[in-house]
1. Just checking, how many residues over the stretch 361-411 are closer than 17 Å to Asp343 by Cβ and open to solvent by 50 Å² or more (accessible area, probe 1.4 Å)?
2. Only residues that are on the phi < 0 side of the Ramachandran plot and buried (at least 19 other Cβ atoms within 10 Å of the Cβ): list them for the stretch 1-17, please.
3. Between a first residue in the stretch 39-68 that is within 16 Å of Arg140 (Cβ to Cβ) and a second residue that is among the β-branched types (Val, Ile, Thr) and near the ligand (Cβ under 9 Å from one of its atoms), which pairs have beta carbons less than 6 Å apart while being 6 or more apart in sequence or on different chains?
4. Out of all the residues in the stretch 360-403, which are small (Gly, Ala, Ser) and closer than 25 Å to Glu195 by Cα?
5. Among the residues of the stretch 205-222, is any hydrophobic (A, V, I, L, M, F, W, C) and within 19 Å of the chain's Cα centre (by Cα)?
6. In the stretch 32-41, is there at least one residue being open to solvent by 50 Å² or more (accessible area, probe 1.4 Å), among the hydroxyl-bearing types (Ser, Thr, Tyr) and in contact with a strand residue (DSSP E or B) (Cβ under 9 Å, 6 or more places away or on another chain)?
7. Does Gly169 fit the bill of being surrounded by fewer than 24 Cβ atoms within 10 Å (Cβ to Cβ) and on the phi < 0 side of the Ramachandran plot?
8. How about the stretch 241-336: which strands (runs of 3 or more DSSP E) wholly inside it have at least 3 residues that are surrounded by fewer than 23 Cβ atoms within 10 Å (Cβ to Cβ) and of a type in the set (A, V, I, L, M)?
Amino acid sequence: SLRMNGIVVVGAGQAGFQLGASLREGGYRGPVTLVGDEPGLPYGRPPLSKAYMLGKTDAAGLALRPEAYYAEHAIAVRAGTRAVAIDRRDRRVGLACGDTLPYDHLVLATGSRNRPLPVPGADLPGVHQLRTLADAEALRTVLAGVAAVAVVGAGFIGLEFAAVCAQKGIAVTVIEGLDRPLSRSVSPGMAALIEASHAAAGVRFLFGAAVAAIEGEGRAAGVVTRDGRTVPADLVLVGIGVLPNQDLAEAAGLPVANGIAVDAMLLTDDPAVSAIGDCAAHPSPHAEGARVRLESVQNAVDGARCVAARLTGRPAAYTAVPWFWSDQGPLKLQIAGLCMPHDRAVRRGAADAGGVSVFCYRGDRLVGVESLNRAGDHMIARRLLQTGLTPEPEAVADPAFDLKAFALRPA
Ligand code: FAD
């Protein structure tokens, strides 16, 4: 088709950046515009709760590419600009500043936002969330003068932040409504290993504790649970998950259901609109075809590559193996595949000797592998899941079993 208006990407984060980069790598020559409501150039979020929070990298170190890259690749970045409406009939996007951008194809890469904590006191000074560089800057600044931290939510970001606090010698309590950390994301066995490691580093946990309020006169002084316990804290980090940014799509009449609904090609109901990254819900062969919404760098990057390939004449379904990592102090957790739900978990290795992996099976099929400080298994697991090879659970549990040779054997 005639490419005159080019490709507009709403959201200049991990997925939006990758879409632009992969379009150019794929030979696309039309205009490419990234619209992002945050200031500055696209950056990676993972270090925000890790190296950046520890002071080991700065804002420049987070940038996905230096400024010159965008000019060299003719990728226009409209930063600090919010897209407020999509006119699908006339194929144009309205911006908050009043401009309109026409498109041949529109890619929604709007990401997700933090789920708010719906309790009294959640808006007090001293209560923080962590999603953006601005959030991280604010947190890192106050963290220097803080004695006690309460983290609400034992998810990835809460645990990563708790590990940073422990490393800095700050007293930290993690408050979680369920009975273990990472209950949505990892097997109970892996959760227990992670909890034990944090506890050994001095992190306190309060499980089965629903937050009733954040108390304090003019600023946060503690977290009160529904069963009447109080955790004193001069800083509260709320990490209770995210919500997909789907409002723009919804207002434009596109189907949404915990994410912007897309097909196996990452296309919405409108053949001129795709959606990728945290905001999109796609059918996955790794979930027996069910729609999943993933929150990971891998999903942002591989989804963008898939759409860019389609837009440059090489259409293919999105089938990449999901993978994820989380660094929590001395712990390097890596997950390949979609482990949840599973009905059998088999352990390989030992926490104190070369790390542990948990191999998760649904029925007789390997669906995912969680590796703690055992990077070799993670790489092998990605290959196994890519090729659909399932090792016998009994073999996996046997330290003498050569997993690598099994994964690499000719079909
Ligand atoms: P985002 O990167 O969130 O980008 C979306 C952008 O779109 C945002 O800038 C948003 O403000 C903007 N936007 C939204 N609506 C509009 C609009 N209407 N107009 C203009 N702009 C708009 N993943 C891992 O795999 N490993 C990790 O260790 C890891 N650590 C993380 C640590 C932190 C602190 C956070 C917050 C996330 C972490 N993640 C990690 C998750 C990973 O960063 C996300 O999955 C990834 O950034 C998703 O990319 P995205 O482009 O879909 O969304």
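The values are calculated or read from the model by the stated rules, or taken from the named source; none is laboratory data. Keep in mind it's a predicted model, so treat the numbers as computed, not measured. Note: ideal-geometry Cβ built from the backbone for every residue, glycine included; neighbour counts use all protein chains shown. For accessibility, only protein heavy atoms count, side chains too; no ligands or nucleic acids. Shrake-Rupley method; radii C 1.70, N 1.55, O 1.52, S 1.80 Å.
1. Going through the stretch 361-411 one residue at a time, the tally reaches 6.
2. The answer is Ile7, Val8, Val9, Val10, Ala12, Gly13, Gln14, Ala15, Gly16, Phe17.
3. Correct list of pairs: Ser49/Ile157.
4. Within the stretch 360-403, Gly368, Ser371, Ala375, Gly376, Ala381, Ala397 qualify.
5. For the stretch 205-222, residues hydrophobic (A, V, I, L, M, F, W, C) and within 19 Å of the chain's Cα centre (by Cα): absent.
6. For the stretch 32-41, residues open to solvent by 50 Å² or more (accessible area, probe 1.4 Å), among the hydroxyl-bearing types (Ser, Thr, Tyr) and in contact with a strand residue (DSSP E or B) (Cβ under 9 Å, 6 or more places away or on another chain): absent.
7. Considered against the rule, which asks whether it is surrounded by fewer than 24 Cβ atoms within 10 Å (Cβ to Cβ) and on the phi < 0 side of the Ramachandran plot, Gly169 comes out as no.
8. Ranges flagged: none.
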